[in-house]
Amino acid sequence: MKTLKQFIFIVSILILANSCKENNDEKPSTVIALKEAYNENFYIGTALSENQILEKDSLVTALISKEFNSITSENIMKSMFIHPTKDAFDFKLTDKYIAFGKKHDMFIHGHTLIWHSQLAPWFSEIKDSTEMALATENHIKTIVSRYKGKINSWDVVNEALNEDGTLRKTAFLDALGEGYLALVFKWASEADSNTDLYYNDYNMTDVAKRKGAIRLVKKLQEKGIKIDGVGMQGHWHIDSPSIEEIEESILDYASLGVKVAITELDINLLPSPWDLVGADVNQNFEGSEKMNPYPKSLPDSIQTKLANRYQDIFKLFLKHQDKISRVTFWGVNDGQSWLNDWPIEGRTNYPLLFDREFKPKQAYDSIISLKK
Ligand code: G3I
């Protein structure tokens, strides 16, 4: 037996298969994983935490490898981590991320080159346009060329729009002006002309923001700048946006001749402070039962609501599979989700397909059943 690690990995697969078998004794025998079920439609991906990239838990690694055929790094490739000081890059974790992707035969996505949040502090200190141009070009070309032929697609720019569709005030807009978008996409394509380049954002089903995103893509296309896709993050709720709004958005972006990816899918089940009339979102809601209604477990009725919501959304994705390149969940299981700590810390949310024990939820079955 070659290496202990391989031995543990194979044993994990056997344990996982056996637990699936036990679970399936009562279920019909055609157990297929997510990635197989949607193999002919679009990639099914997940966002990986640092521990998952480092394969700290072989059972979790086995589940990721079994269910998903695309990966995105949840945090480690953001500028504050990958380029912490102006003169120093830190590729240790990203090299491991790439190795994970190759080992498990994944479509590897890069998240994200240019983003105002989790921005390396030295970037915000640059006010001079020439200095910012040199620094940003070096940032993009050093990273993209290092992973040329390994990273299959990039979020070149993340969240550059305000909710009204205008450009968000960022260190890049301040120092380089509106032209920064064309520059950063140009530099990325010069570093690797074969990787797909995306503009990625949230609330991309909202009319004003959608118009802003369409304007942004068209401006790049008019300048002959390579942009291959639009990423709709998909941080959605149990009842909004509507299937109609999601469909209109997919059709609008696809009509630009670019791919559409659902890049950070999760369904928030908890009340939002913004829905509370007169509530000051900065008010401390921590510990409020009203804002954390399911601290121990999710009632079956809500499990069913979540399963129906995910099934409706995947029916739509299948209807437009020719336009959709990838559907990535923002995390492997409920315990990992950022929605346990945002916008209120310390809540118990259930936005994904696998529960805190990494067991498939009713929502998982509802998506798989569409392909049976
Ligand atoms: O690295 C520090 C660690 O040293 C420290 O011990 C720990 C304790 O607080 O915090 C760690 O930093 C956290 C970081 O994730 C890495 O885990 C930050 O506090 C935390 O705020 C940060 O949250 C991430 C968030 O982006 C930051 O904006 C979430 O995990 C991540 O899921 C989320 O992802 C974003 C996408 O990139 C873009 N779209 C929206 C999406 C959700 O906000």
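Quick notes on this one:
- Taken together, the residues in region 326-355 that are within 26 Å of GLU244 (Cα to Cα) and in contact with a Ser or Thr (Cβ under 8 Å, 6 or more places away or on another chain) amount to 8.
- With respect to the conditions (1) within 16 Å of the ligand (Cβ to nearest atom); (2) without any contact (Cβ under 8 Å) to a residue 60 or more places away in the chain, PHE89 lacks only one, and its number is (1).
- If only residues of region 214-233 that are in a loop (DSSP other than H, G, I, E, B) and in contact with a Ser or Thr (Cβ under 7 Å, 6 or more places away or on another chain) are counted, the one that is least open to solvent (accessible area, probe 1.4 Å) is GLN233.
- Residue list for region 242-273, filter: within 22 Å of ALA160 (Cβ to Cβ) and within 16 Å of the ligand (Cβ to nearest atom): ALA261, ILE262, THR263, GLU264, LEU265, ASP266
- One residue alone among THR94, THR85, THR112 is among the polar types (S, T, N, Q) and surrounded by fewer than 16 Cβ atoms within 10 Å (Cβ to Cβ), and that residue is THR85.
- Number of the exception - HIS104 against (1) away from the ligand (no atom under 16 Å from the Cβ); (2) surrounded by 20 or more Cβ atoms within 10 Å (Cβ to Cβ): (2)
- Under the condition of being in a helix (DSSP H, G or I), away from the ligand (no atom under 13 Å from the Cβ) and in contact (Cβ under 8 Å) with a residue 40 or more places away in the chain, the residues counted in region 320-372 number 10.
- Residue within region 248-260 that is among the aromatic types (Phe, Trp, Tyr) and in contact with a Pro (Cβ under 9 Å, 6 or more places away or on another chain) present: no
- Residue count, region 197-213 (criterion: open to solvent by 30 Å² or more (accessible area, probe 1.4 Å) and either of a type outside the set (D, E, K, R) or touching a residue at least 60 places away in the same chain (Cβ under 8 Å) (or both)): 4
- Condition check for ASP155: modelled with pLDDT of 95 or more, of a type in the set (Asp, Glu), open to solvent by less than 10 Å² (accessible area, probe 1.4 Å) and within 16 Å of the ligand (Cβ to nearest atom): yes
- Residue match in region 39-52 (condition: touching a residue at least 40 places away in the same chain (Cβ under 8 Å), out of contact with any His (no Cβ under 9 Å at 6 or more places or on another chain), among the β-branched types (Val, Ile, Thr) and within 16 Å of the ligand (Cβ to nearest atom)): yes
- Scanning region 85-118 for residues that are more than 27 Å from THR46 (Cβ to Cβ) and either touching a Gly at 6+ places or on another chain (Cβ under 7 Å) or in a loop (DSSP other than H, G, I, E, B) (or both) gives LYS86, ASP87.
Here is a yes/no grid of residues against (1) surrounded by 22 or more Cβ atoms within 10 Å (Cβ to Cβ); (2) over 24 Å from ASN69 (Cα atoms); (3) in contact with a Phe, Trp or Tyr (Cβ under 6 Å, 6 or more places away or on another chain):
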| site | (1), (2), (3) |
| --- | --- |
| HIS235 | no, no, yes |
| ILE243 | no, yes, no |
| LEU251 | no, yes, no |
| TYR294 | no, yes, no |
| HIS320 | no, no, no |
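- Hits in region 138-149 - residues which are buried (at least 17 other Cβ atoms within 10 Å of the Cβ) and either farther than 30 Å from LYS103 by Cβ or within 21 Å of the chain's Cα centre (by Cα) (or both): ILE140, ILE143, VAL144, TYR147
- Residue within region 169-182 that is closer than 25 Å to SER49 by Cβ and either modelled with pLDDT under 95 or buried (at least 17 other Cβ atoms within 10 Å of the Cβ) (or both) present: no
- Residue tally, condition within 14 Å of the ligand (Cβ to nearest atom), out of contact with any Leu (no Cβ under 7 Å at 6 or more places or on another chain) and not in a loop (DSSP other than H, G, I, E, B), over region 198-211: 2
The values are calculated or read from the model by the stated rules, or taken from the named source; none is laboratory data. Treat the numbers as computed from the prediction; the structure is a model and nothing was measured. Cβ atoms come from the backbone with ideal geometry, glycine included; neighbour counts cover every protein chain shown. These accessible areas exclude ligands, DNA and RNA; they are computed on the full protein's heavy atoms, side chains included. Shrake-Rupley method; radii C 1.70, N 1.55, O 1.52, S 1.80 Å.
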